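Here's the structure, in structure tokens; my notes come after.
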Amino acid sequence: MRGGRSLIVVGSLALLAGASCGPPRHPELRQGTKSYLFTITSEPIPPRAREDVIYTITVKDRETKQPVDNGEGRIFANTRDGARTYDGFVKAPGVGVYSARLNYVASGQWAVGIQFHSDSLKPLEKTEWMQDVLPERSGTP
């Protein structure tokens, strides 16, 4: 009986420790290219059609793991039907952090990509992923 009670106490302590680790983390997507590592978050999650989606992209050098500040990039997306959206990166607070805004005009599956380089003398490198976009909210103009 004593062993079972110990397991309950240990399990309860583990749950409490996990609950006290701070605010819940925002889901993030990790992507990479030959030279860069990207950590991508967006707001809102999940994205909805006809609403601005703010992307925050943290860029690190793949080899040194150091933040890449003062780079240039863009985020873009398109559907099989030909709908497109894109925006250039803007420096955000934090070292190696950029932001961009997309507005998906339709719900469904979108191919999303990032192009980035640390300076204009280096080639743009690209990464892509698929993104499901929910229908617009009712009452959206």
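The values are calculated or read from the model by the stated rules, or taken from the named source; none is laboratory data. Just so we're clear, the structure is a prediction, and the values are computed from it rather than from any experiment. Because the Cβ atoms are built from the backbone with ideal geometry, glycine has one as well, and the counts that use them run over all protein chains shown.
Annotations for the structure displayed:
- Looking only at the stretch 93-105, and only at residues there that are over 25 Å from Lys34 (Cβ atoms) and in contact with a strand residue (DSSP E or B) (Cβ under 6 Å, 6 or more places away or on another chain), the one that is surrounded by the most Cβ atoms within 10 Å (Cβ to Cβ): Tyr104
- Matching option when the condition is at positive phi and not polar (S, T, N, Q), among Gly88, Gly108: Gly108
- Within the stretch 99-129, tally of residues that are at pLDDT 95 or above and acidic (Asp, Glu): 2
- Only one of the numbered conditions (1) farther than 18 Å from Gln115 by Cβ; (2) small (Gly, Ala, Ser); (3) not in a loop (DSSP other than H, G, I, E, B) is not met by Gly82, and that is (3).
- Flag set for Arg50, criterion: touching an Asp or Glu at 6+ places or on another chain (Cβ under 7 Å), in contact (Cβ under 8 Å) with a residue 12 or more places away in the chain, of a type outside the set (Gly, Ala, Ser) and at positive phi.
- Any hit, the stretch 32-48, residues being more than 21 Å from Phe116 (Cα to Cα), charged (D, E, K, R), surrounded by 13 or more Cβ atoms within 10 Å (Cβ to Cβ) and in contact with a Pro (Cβ under 9 Å, 6 or more places away or on another chain): yes
- Test: residue in the stretch 57-74 that is in a strand (DSSP E or B) and farther than 25 Å from Lys34 by Cα: no
- When restricted to residues that are more than 19 Å from the chain's Cα centre (by Cα), surrounded by fewer than 16 Cβ atoms within 10 Å (Cβ to Cβ) and closer than 18 Å to Glu51 by Cα, the stretch 106-141 contains 7.
- Considering residues of the stretch 59-92 that are touching a residue at least 40 places away in the same chain (Cβ under 8 Å) and of a type outside the set (A, V, I, L, M) only, the residue surrounded by the most Cβ atoms within 10 Å (Cβ to Cβ): Gly73
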